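A quick write-up on the structure given underneath.
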Amino acid sequence: MIDYLIGVDGGGTGTRVRLARGDGAGAWQELAQGAGGPSGLGLGVERAWTAVRGAVQAAFDAAGLAQPAPRQVAIGLGLAGVHNRQWAADFVAGDPGYAALVLETDAFTTLMGAHDGAPGAIVAIGTGSVGEALLADGARREVGGWGFPAGDEAGGGWIGLRAVNHLQQVLDGRRPASPFAHDLTAACGGGNGCRDTVQAWLAQANQTAYAGLAPLVLRHADDPVAHTILLEAGREAANIARALDPQGALPLALCGSLGAALRPWLPPALAARATPPRGDSAQGALRMAALYLTRHASAPGRPEARQ
């Protein structure tokens, strides 16, 4: 018997979990939330499972419940990196024995949460970026989400990468120093501008590290360089929205950890059209898992990865 339902939103910055309990009549009541470290598959499958397990345990702890055996739990996960079929297959192979496991992209679970499962479009801006739409006929459309550093335009990693490029030019004397560059130097371990320590930071930096610089860029929005980076991010978000739904006919939600922060930098027409999401990606993962159980009520025990 499946007693609990878990929805997971996992990316390059962190993992968020929502825990729900069944009422015996097919409905689910949300009990608690949990959080953990990054679980994007690009960081490694073992690390992803470690983060998911920690966030699930945190949710049960928050609910004041002992965590049951996996066979009593169904889990829906929206994870960054699911587009890589090998990563997805490896992740599913690590299933500890959940009664049902449904794996999808974090873009799809964000879409499910943003519009309560109804047709609509989302532009999700967080560590990375992606757009997804669910059409009235059930078809899906995806834009972006190609991954860092080649894609993920407007995402935190993309913003941070451009900020670090500016820092390099300042340290070389190609651009003038500024409070913005000074704070970037400190954030990258450079202290008073030591090239060697910044080089050491760069040698270890991943998308998550670059994304950690995005709040600093936002804080320095009055700086001309930061201002230009943020305007470009807004234009890139608009390009994603336009490619998803050229006619602008679908409801559009701006989502992700940076979605609200970048709203002032969107072109006015997109800013006027975009609305906050009704729910988050973890809620979308809960909905996805509940729908899976409804559709496979006779045999819910088969794990499923995105096809």
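Projected onto the charge dipole of the chain (+1 at Lys/Arg Cβ, -1 at Asp/Glu Cβ, origin at the Cα centre), which of THR50, THR109, PRO70 gives the Cα projection farthest towards the positive end? My answer, from the dipole projection, is THR109. Taking every alpha-carbon pair under 8 Å whose residues sit at least 6 apart, the chain reaches a relative contact order of 23 percent. Could you work out which residue, out of ALA203, ALA107, ALA260, moves most in a Gaussian network model of the chain, that is, has the largest mean-square fluctuation with Cα springs under 10 Å? The residue with the greatest mean-square fluctuation here is ALA203. Of the residues LEU5, GLY138, LEU216, the one whose Cα sits farthest toward the positive end of the charge dipole of the chain, with +1 on the Cβ of Lys and Arg and -1 on the Cβ of Asp and Glu, is GLY138. Of the candidates GLY22, GLY11, GLY157, which one comes out as most mobile in a Gaussian network treatment of the chain with C-alpha springs shorter than 10 Å? Result for the chain, Cα springs under 10 Å: GLY22 fluctuates most. Here the chain is treated with +1 on each Lys and Arg Cβ and -1 on each Asp and Glu Cβ, and its dipole about the Cα centre works out to around 140 debye. Under a 5 Å amide H cut-off, with hydrogens placed 1.01 Å from N, CYS255 pairs with VAL123, ALA124, ILE125 among residues at least 5 apart or on other chains. Charge dipole (Cα centre; +1 on Lys/Arg Cβ, -1 on Asp/Glu Cβ; no other charges) of the range 156-273 amounts to roughly 160 debye.
Neighbour counts of C-beta atoms inside 10 Å place THR109, THR197, THR13, THR228 in the sequence THR228, THR197, THR13, THR109, starting with the fewest.
When ASP3, ASP90, ASP106 are arranged by Cβ crowding within 10 Å, least crowded first, meaning fewest neighbours, the order is ASP3, ASP90, ASP106.
Annotation: the range 156-273 has a Kirkwood hydrodynamic radius of 15.2 angstrom, from the mean reciprocal C-alpha pair distance.
Each residue in LEU43, LEU77, LEU202 was given a count of other beta-carbon atoms within 10 angstrom of its own, and listing them fewest first yields LEU202, LEU43, LEU77. Considering helices alone, the calculated mean residue ellipticity of the chain at 222 nm is -13000 deg cm²/dmol, with DSSP H runs of length four and up weighted by -39500 (n - 2.57) and normalised per residue.
From the coordinates of this entry, P(r) over Cα pairs in 10 Å bins from 0, in percent is computed, and it appears in (i) 6, 23, 28, 24, 14, 5, 1, 0; (ii) 6, 25, 35, 25, 8, 1, 0; (iii) 6, 27, 31, 22, 11, 3, 0 under the label (iii). For the chain, a Gaussian network of Cα nodes joined below 10 Å ranks LEU111, LEU65, LEU286 by mean-square fluctuation, and the top entry is LEU65.
Every read-out reported here was derived from the displayed coordinates using simple, explicitly stated rules and does not represent laboratory data. Computed from a prediction, not measured in an experiment: that's the story for all the values here. Note that we place each Cβ from the backbone using ideal geometry, even for glycine, and neighbour counts take in every protein chain shown.
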